[in-house]
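Trainee: Quick one: structure below, then a few questions.
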Amino acid sequence: MRSLSILSLLIASFALMQCVQHTEATISEVTNQIEQESVEVKYAEGFDIVYQEGFIKVITQSFGENAPFRDSVYIMSNSEKVFETKSKIVNQVTVRLACQSSTHLSFLDELDRLDQVVALCGIKYVNNAKISKTLSKNEVIELCMTDQVQMENLYQSNPDLFLIYPFGSAESNEFYDTGIQTLLIAEYLEESQLARLEWIKLFGVLTGRANEANAYFKEVEEAYLKLKNETQPLEKTFIMNLPFQDQWFTPSSKSVGVELIEDAGIQYYYRNEKGTENIVHSNEQVWNDGIQADYWVIIARRPIDFKLADLIAEQSVYKEFLSVQNHQVIFCNTSVVDYFSKGVIEPHIILKDLCYATGQIESHEPQYFFLLE
Amino acid sequence: MNLRSDIALIGVIILGIFILFWMNLLLGDVPMKSADVFNLLAGGTADNPAWSYIVESRLNRSIVAILAGGALAISGLILQVFFRNPLAGPGVLGITSGASLGVAVVVLGGVTMGSLLGNLGIILAGIIGAVAVLFLLLFIARFIRNSVTLLVAGLMFGYFTAALINILFLWANETATRKYVVWGLGSFEGLNQSELLIFTTLIIVLSLLCFMLVKPLNALVAGTDYAASIGINVKSTRLLIILFTGVLAAIVTVYCGPVGFIGIAVPQLVRVLVKSKNHAVILPVVFIAGSLLALGADFIVRMSSNSLPLNTVTAIVGAPIIIWVIVKMNQRNVSF
């Protein structure tokens, strides 16, 4: 009798679940399509833009040795166009965006499209006062109190497109059944600073600001390449960053950050080590090598008034480093500047900071990197 | 005969400690010759000025490993006798979790090691957390006669404190969260001279104080009634046991992170290997055996360029020992 009751209860619960009706995701109405100039992808390997009659197809994809994925979204300009059932479609003028990374915000901010962001993962980690203020004003919804996306918050924000990382997923169909359209974004996989910056064009296409994106990219590209070409190679080496507990995560010699610093004319101490991932060294290994490196480039979160003496206080061996003795520690304090987000769209300024720190240019007001006093 | 084999065992362990200690000083990512290491230890200099710091770092972490391993092992031994349960230990009973919660409250609140105030705050918080858990366990023990059930209660404390720590993460900033997570992996590295001095002093003093418990421990093996009948003040002994083991485990946890398995595995292994039933012999053997295991684990960590977390190594070494001892005890039908 008791087991019969339990069985009835289970059947009833199942029937109730079946009764829950989901509203089918609908294609946004196409309104006020803006005439935009075409986008040409010059450096980036992770995305492409295909222009067709009545729509634009935005494709994102893996490349090289990265885990394979491919994704796409259609931007409609002709409402009569018929797409395959599973196609993801947005209207670029009114698109409401949810973002899994705060890096996306700098692209959108530069294009004056921050108002289109309705939800974000890690609002509390946004390190840019202006962007934080806008997010707060717009009551942007927090999506990730933990590592997981909070589905209720995602539904509440009701985005037209959720820009997500491709970590471990070949396609962005994880959210398909939820009716939320997603697009895999992996600008961090690009292997040069300009390629990473070029993703601003994708954001421009998505938000109807392709003209502005093209113009911004061109301006930065010219400034960056001009500075790079004027830079003289110095016969000097640099090490990077700080240890975490007893490990020192040194970037790969192929990393975008290292490439940018090398564009300032100095050579990475670990340039001969293979691989594209961070290299883990023990503290003692870097201490042994750090003695000889001419420069020490550090990107870290420290108190606003962090000084060279504070660095030495962290580990007394640092006072033996050539870079410390010669006051050639080039520091970027991420508690002060938005290096990881804003820095992505301002590589020309970062390069100028580095050239100034290494004595390649005489007059400049550093914004990201400066020599520790 | 028994005495001879125990002395031989002590000799082997001490020899093992010396060998590992020297290997820990000599070997690493930066190769050095014995002569250079000797020279640097004698206060000399080397061509590369970083080498003196490297040797100092290797020396410091070896000392920390010896003391931390010993402290955890004797803490585990005393708890096993006191709770009359071979599976008792600082980790299983939730003492380490209590210390972790104390540390989490302070670290995730933004306080860091380095300043004297920061150090004291974290040490105190760790001790309070550990001792609080022990007192709670003791309180619960009044209502629970079964020692296995008491262990389950300890495990529940562990889960409970872990849940509280997860809640604290929600309010913590990125840096504090990272710091806490890395601390949680455990390491004997990173203590500066002043921290090493505090750590060494506290562990040595508390370990020596534990020797005051030799007589009560010998009596407690036969039960509290027997201990009381031969004049042991069970109440004050209980208090001392809680204080000494709680503070020992807390100090190690604060400075090295929650290091697992040494506290359970070593006492069990030593009980199998040592013939004597006298804690005047067992206690020091457990201490040096704990030192040997911790030093060995640290050596493996260092040989992996620190890419292997300490707790991974102690688990790989410690877990099979525990299983082996449990099986062995089961065969003999020994509950303790």
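Where a number appears in this text, it was derived from the coordinates with a stated rule and is not lab data. The shown structure was predicted, so the numbers you read here are calculated from the model rather than taken from an experiment. All Cβ positions, glycine included, derive from the backbone under ideal geometry; neighbour counts span all protein chains shown.
Trainee: Write down the percent of antiparallel bridges among all DSSP beta bridges whose residues are both part of the protein assembly as shown, to the nearest 5.
Mentor: Of the beta bridges lying entirely in the protein assembly as shown, close to 45 percent run antiparallel.
Trainee: Using Cα centres only, tell me the gap between segment B:4-26 and segment B:285-305 in whole Å.
Mentor: 11
Trainee: Among A:132, B:291, B:57, which comes first, then next, by fewest other beta-carbon atoms within 10 Å?
Mentor: Ordered from fewest to most neighbouring Cβ atoms within 10 Å, A:132, B:291, B:57 come out as A:132, B:57, B:291.
Trainee: Given the peptides A:206-215, A:62-71, arrange them by the average over their residues of other C-beta atoms within 10 Å, most packed first.
Mentor: Ranked from most to least packed, the peptides come out as A:206-215, A:62-71.
Trainee: Longer than 18 Å from Cα to Cα, which of A:88/A:124; A:130/A:342; A:57/A:88; B:215/B:277 are they? Say none if no pair is.
Mentor: In this structure, A:88/A:124 exceed 18 Å between Cα atoms.
Trainee: Still on this structure, I have one more. Starting from the Cα of residue A:319, draw a straight line to each of the lysines and keep only those under 30 Å, dropping any in the same chain fewer than 8 residues away.
Mentor: A:236, A:254, A:274, A:307, A:352, B:33, B:179
Trainee: Based on the alpha-carbon set only, what is the convex hull volume of segment B:2-332 divided per residue, in Å³?
Mentor: Once divided by residue count, the hull of segment B:2-332 is 140 Å³.
Trainee: Still on this model: What does the charge add up to near residue B:308, with Lys and Arg as +1, Asp and Glu as -1, over the other residues with Cβ less than 14 Å from its Cβ?
Mentor: Charge balance in the 14 Å sphere: -3.
Trainee: While we're on this one: State the answer as a single residue: which of B:261, A:140, A:278 lies farthest towards the positive end of the charge dipole of the protein assembly as shown, with beta carbon charges of +1 for Lys and Arg and -1 for Asp and Glu, about the Cα centre.
Mentor: Positive-end residue among those listed: B:261.
Trainee: Could you give the nm distance between label points at residue A:124 and residue B:169, where each point is 7 Å from its Cα heading toward the beta carbon?
Mentor: That separation, rounded to one decimal, is 1.2 nm.
Trainee: Could you tell me which of rounded, prolate or oblate describes the protein assembly as shown, using a ≥ b ≥ c as the square roots of the eigenvalues of the alpha-carbon gyration tensor, with rounded for a/c under 1.5 and, failing that, prolate when a/b is larger than b/c and oblate otherwise?
Mentor: Since a/c reaches 1.5 but b/c is at least a/b, the shape of the protein assembly as shown is classed as oblate.
Trainee: Select from segment B:121-205 those chymotrypsin sites (Phe, Trp or Tyr not before Pro) which occupy a DSSP coil region and have at most 12 other Cβ atoms within 10 Å, ordered by residue number.
Mentor: Hits after loop and neighbour filter: B:143.
Trainee: A follow-up question, please. Taking H as built 1.01 Å from N, whose amide H comes closer than 5 Å to the amide H of residue A:334, not counting residues under 5 places away?
Mentor: Under 5 Å from the amide H of residue A:334 lie the amide H atoms of A:300, A:301, A:302, each far enough along the sequence or on another chain.
Trainee: List the trypsin sites (Lys or Arg not before Pro) in segment A:216-261 that DSSP assigns to loop (not H, G, I, E or B) and whose Cβ has at most 11 other Cβ atoms within 10 Å. Which are they?
Mentor: Loop-located and lightly packed - none at all.
Trainee: Please state the shape class of segment A:47-222: rounded when a/c is under 1.5, otherwise prolate if a/b exceeds b/c and oblate if not, all from the C-alpha gyration tensor.
Mentor: Rounded shape, in that the Cα axes give a/c under 1.5.
Trainee: Taking the Cα centre of chain B as the origin, how large is its charge dipole in debye, to the nearest 20, when only Lys and Arg (+1) and Asp and Glu (-1) carry charge on their Cβ atoms?
Mentor: 1160
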